[in-house]
Amino acid sequence: MEKIIIGSIIAFLVTLLVMPVILGVAKVKKLYDEPDDKRKLHKQPVPSLGGVGMFVGFIISILLTVNFTAEAPEFQYYIAAFLLIFFVGIKDDILVTSATKKLLGQLAAAGILVFKAELIITNMDGLLGFHELNTAFSYLLTIFSIVVIINAFNLIDGVDGLAGSIGLISALVFGVYFLINHDISYAVLAFSFAGSLVAFLMFNFHPAKIFMGDTGSLIVGLVNSILVIKFIQTAGTYSNYPISAAPAVGFGILLLPLMDTLRVFSIRIKNGRSPFSPDRNHIHHLLLNRGFSHKSVTIICVLTTILISAFTFLFQQLGTGLLIACEIALFFAIIFLLNYKKAKYNLRVVKGDGKGIVPEDKVKLVSLFDKKGAVVEEE
């Protein structure tokens, strides 16, 4: 317990102290995420190197609190994977990296975790009739899962505080579970990362002073992929609250980013576009289109994550297959509700006073996001 507390405090304090330095450097060197009219929601340039501060606080904490030789020898390979994904992310934040090169970097990090750290999904607990998996399929499934989770957090990072908050909740859930089962090294990993995320979120809630950038979102995805795969590996063997449907519970904890990514990728591929091409189909865009603010979107997604996580733990007796089916159905029920009733008004920005563009009898004054706005009601 002492290591967990110390690790969390170190990660929090280091990140908290480093973040103003990064803000200063970004201002001097003009390292900003510039707004655009396509997908980005911010209106002013915002520094995008918050992930650097998260990484520094987290890595220092792990190096100071985990005994790599006696307790967790695999952590040396985790550090190597963290460093690799850090450089992939920071290069993209500063110079921009192609989607292909980013994917290759993610595959390399996944390869380190699978082939060196031996972090492998070996049992599906009855999902689609599968239990023990053969070696080749285990490797492929694990690498695929790591890449999907990394990209899920990368793509859901579209609203102030969203990716960091969901990453925080999932890290805490896994951390508490490892703690009650006395798996101290992985509890330290989870709580240290949570500490760095808390410090980062102090600068990232709307209106954000800094973004985590790809450096941060890729690290959030990689850490959570380690935590969820370790959870799937070991949850059924623990003495305190063993999990009989570990893949389903792990999937449920990460349901929002995972299913949102798979849904959006499917839409893009169906429309003949690259799955990595930007659009405004993510769940946070749907919530914004319903009139919710940045803060409200983040709070709604966090509460949803907490409720779904609790649901998966409480109903694990349903079995892996049925529980995953319920989780997927629940997700699409949420999407259906968000799309069920279209907005009554079509909004568009008009320069000037707008006279002569539309008939005056069609213009109505309504409340939009707690402010007055003139809109056109279409027939």
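Annotation: of all residues in the stretch 174-185 being in contact (Cβ under 8 Å) with a residue 60 or more places away in the chain and buried (at least 24 other Cβ atoms within 10 Å of the Cβ), the one that is farthest from residue 219 (Cα to Cα) is 177. Selection of the stretch 264-289 for residues being crowded, with 16+ Cβ neighbours inside 10 Å and basic (Lys, Arg) yields only 268. If you check 211, 200, 191 for being outside any helix (DSSP H, G or I), in contact (Cβ under 8 Å) with a residue 40 or more places away in the chain and either at positive phi or buried (at least 22 other Cβ atoms within 10 Å of the Cβ) (or both), only one passes: 211.
Going through the stretch 104-159 one residue at a time, which ones are over 17 Å from residue 81 (Cα atoms) and hydroxyl-bearing (Ser, Thr, Tyr)?
Passing the criteria: 122, 135, 138.
Of the helices (runs of 4 or more DSSP H) entirely within the stretch 270-342, those holding at least 1 residues that are closer than 22 Å to residue 157 by Cβ and basic (Lys, Arg) occupy 294-314.
Listed here are the residues, each with its yes/no results for (1) closer than 24 Å to residue 20 by Cα; (2) among the aliphatic types (A, V, I, L, M).
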{"residue": "170", "(1), (2)": "no, no"}
{"residue": "184", "(1), (2)": "no, yes"}
{"residue": "196", "(1), (2)": "yes, no"}
{"residue": "206", "(1), (2)": "yes, no"}
{"residue": "215", "(1), (2)": "yes, no"}
{"residue": "224", "(1), (2)": "no, no"}
{"residue": "229", "(1), (2)": "no, yes"}
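Rule-based calculations on the coordinates, nothing more; no lab input. For clarity, every value in this text was computed on a predicted model and none was experimentally measured. A quick note on method: Cβ atoms are made from the backbone with ideal geometry, for glycine too, and the neighbour counts reach across all protein chains shown.
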